[in-house]
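K.L.:
One structure, as structure tokens, below. Some questions next.
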Amino acid sequence: MVRVDIETIVMAAGPVPSLIVLRERCSKSDSPAPLRSLSIQTGSFEAAAISRGIDSGRAERPITHDLLLDTVGALGAKLERIEIVRAEPPVFYATIVILADGDERKIDARPSDAIALAVRSNAPMFV
């Protein structure tokens with residue numbers, strides 16, 4: 001798996017999808033190739049939730065992503081990482097990896113939800 005960061009979020013309105021652009025964190029030191037990127041289409045509400053997690057952190061009242069992270073923490077677990085595991089264009093699939101009682105537990109998720117959780121918890125993202 002390759003570690004990635006969010007390069008940009010392209011917000012769209014109406015029926016046009018928004019884009020989340022992920023870029024690999026670093027290339028192999030001996031490679032002159034540019035860093036690779038991956039664009040994932042998502043809805044405007046999902047893109048806004050990711051952007052809100054990056055820009056302003058937590059809302060005054062918890063939104064769904066905050067609530068899930070609070071629940072994970074209350075159960076003594078933590079969000080270890082997220083993984084975008086496969087693509088069947090235009091659909092991407094992600095996994096949220098939770099560390100609980102020393103065991104990793106993987107939960108199927110939409111990439112937009114996984115990314116929204118990762119930005120709120122500073123968890124690493126992999127593709």
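K.L.:
Does Val2 meet the test of being among the β-branched types (Val, Ile, Thr), closer than 20 Å to Pro89 by Cα and without any contact (Cβ under 8 Å) to a residue 24 or more places away in the chain?
P.N.:
No: the conditions fail for Val2.
K.L.:
On to the next question. Show the residue pairs that are 6+ apart or on different chains and have beta-carbon atoms under 6 Å apart, the first residue being within segment 85-112 and in contact (Cβ under 8 Å) with a residue 24 or more places away in the chain and farther than 16 Å from Val2 by Cα, the second being surrounded by 15 or more Cβ atoms within 10 Å (Cβ to Cβ) and hydroxyl-bearing (Ser, Thr, Tyr).
P.N.:
Ser112/Thr42
K.L.:
For segment 78-100, check the following and say yes or no: at least one residue is touching a Cys at 6+ places or on another chain (Cβ under 8 Å) and over 17 Å from Ser121 (Cα atoms).
P.N.:
Checking segment 78-100: not a single residue is touching a Cys at 6+ places or on another chain (Cβ under 8 Å) and over 17 Å from Ser121 (Cα atoms).
K.L.:
When you go through (1) surrounded by 14 or more Cβ atoms within 10 Å (Cβ to Cβ); (2) modelled with pLDDT of 95 or more one by one for Ala74, which number turns out not to apply?
P.N.:
For Ala74, the exception is condition (1).
K.L.:
Right, next: With the requirement that a residue be on the phi < 0 side of the Ramachandran plot and not in a strand (DSSP E or B), what does segment 4-26 give you?
P.N.:
Met11, Ala12, Ala13, Pro15, Val16, Pro17, Arg25, Cys26
K.L.:
Within segment 27-53, can you find the residues that are within 18 Å of the chain's Cα centre (by Cα) and either loosely packed, with under 14 Cβ neighbours inside 10 Å or in a strand (DSSP E or B) (or both)?
P.N.:
Result: Arg36, Ser37, Leu38, Ser39, Ile40, Gln41, Thr42, Gly43, Phe45.
K.L.:
Looking at the structure I just gave you, is Glu7 under 18 Å from Ala116 (Cβ atoms), among the acidic types (Asp, Glu), under 14 Å from the mean Cα position of the chain (by Cα) and surrounded by 14 or more Cβ atoms within 10 Å (Cβ to Cβ)?
P.N.:
Taking the combined requirement at face value, the residue satisfies it.
K.L.:
A further question on this structure: Tally the residues that are of a type in the set (Gly, Ala, Ser) and either part of a strand (DSSP E or B) or surrounded by fewer than 19 Cβ atoms within 10 Å (Cβ to Cβ) (or both), restricting the search to segment 83-120.
P.N.:
So the answer is 5.
K.L.:
Right, next: Surrounded by fewer than 19 Cβ atoms within 10 Å (Cβ to Cβ), within 17 Å of the chain's Cα centre (by Cα) and either without any contact (Cβ under 8 Å) to a residue 12 or more places away in the chain or assigned to a strand (DSSP E or B) (or both), is that true of Arg58?
P.N.:
When the stated conditions are applied, Arg58 does not pass them.
The values are calculated or read from the model by the stated rules, or taken from the named source; none is laboratory data. From a predicted model like this one, the values you see are computed outputs, not experimental measurements. Note that each Cβ is placed from the backbone with ideal geometry, even for glycine, and that neighbours are counted across all protein chains shown.
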